[in-house]
1. At 0.36 nm per residue, minus the direct Cα-Cα distance, what do residue 239 and residue 269 gain on full extension? Give it in nm, one decimal, please.
2. Size of the dipole of segment 47-136 about the Cα centre, Lys and Arg at +1 and Asp and Glu at -1 on the beta carbon, nothing else charged, in debye to 20?
3. Could you size up the charge dipole of the chain around its Cα centre, putting +1 on the beta carbon of Lys and Arg and -1 on that of Asp and Glu, and report it in debye to the nearest 20?
4. With a 1.4 Å probe and every protein chain left in place, work out the accessible area per residue of segment 93-186 in Å², rounded to a whole number.
5. Aspartates and glutamates near residue 102 by alpha-carbon distance under 18 Å, same-chain residues fewer than 8 away left out - which ones?
6. Near the amide H of residue 273, under 5 Å away, which other amide H atoms are found, from residues 5 or more places off or on another chain, if H is placed in the peptide plane?
7. In nm, to one decimal, how far is the modelled label at residue 117 from the one at residue 85, with both set 7 Å along Cα→Cβ?
8. Under 16 Å from a label point 7 Å along Cα→Cβ of residue 42: give me every residue in segment 2-17 with its amide N that close.
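The values are calculated or read from the model by the stated rules, or taken from the named source; none is laboratory data. These numbers come from a predicted model, not from an experiment. Using ideal geometry, Cβ is built from the backbone for each residue, glycine included, and neighbour counts are taken over all protein chains shown. Each accessible area value is taken on the protein alone, full model and side chains, heavy atoms only, with ligands, DNA and RNA left out. Shrake-Rupley method; radii C 1.70, N 1.55, O 1.52, S 1.80 Å.
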Amino acid sequence: MSRYHLEDQPFKLLDESMATYKDLKLPCSATINENYLEPLETEIASAFDEGYEAVKKLDELRLFQWAGKLLYGVIFNEVQSGIKQQYAQGEEFNISQSIIHKFAHLHLMLQSLNLPIVLEDFKPFSLFLFKVDNNENEFGYRDEINTLTFSLRIKDFGLIICMQDNGANRHYHRETLEKIKDKMLHPIQFEEFSGRVFYSAYLFNRLPEYNILPVDDQLYIEAMPLRGMSSKPLFDHWVNKIYGQVLESFWKNWGFLLLEIIKDPEHPMSFLFDADDNFINAGAIELPR
């Protein structure tokens, strides 16, 4: 917050009230904070200070725990705000069961910070990390609470995490990833890929389930098959017009409008790939960073 002068930056909560970053607080025992959260924050901060190469060396679970705690803190404050608003209006607070399901499982996975939890042969998340040619003081943060998706673009890297998909979104974008992994991205290219991931997270139509088995002092968590009893694909149908609306939002800094983006409805505008589906080198993009 200090590095990017965020303490007093205002933003709007879901109930339309305004808050600043320094207003956000998450209840936590002193012991857990001192023994587990502070070391995590120190480890992540040190890597972020160095940049992409150091972040790449981090254990992905640690990045998930850090981002998950951050997103869970935002969720907690949003829900608290919603409860107060409904109470003031004499109404009972309502929240969808699917959202509660996701929040509960995110909370369970975050216990891996301080409890001997073993995730058996799976990751509860999809994580994407890229080297990005950002402006020096760039701070790009975005989250989507309904899908538990997070992105951060700072220093010389960009990070995207889908918190509760058991790796489904990473598999969904595997062909694109093969073409762009290890490439330096222009910020607009990173935002394009972020738009793809945020949209696919919205199309993901499963609620992951888990078997939880205590063995001695450890807690084993096993992921149930995502397909379950349904023959329906894991992702709903991709609609370019809706994807174009997502891109318009993600490309706000560059001022592209929906009509430009989906001028050819079958082939929305892209800065990642040319007409022959070849990767566009970041240095060839003549746009401000």
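1. Full-extension gain reported as 9.4 nm.
2. Here segment 47-136 has a charge dipole of around 160 debye.
3. 300
4. 44
5. 78, 143, 144, 165, 209, 222
6. Answer set, sorted by chain and number: 280.
7. My value for the distance between the label points is 2.9 nm.
8. Counting backbone N atoms under 16 Å from the label point, the list is empty.
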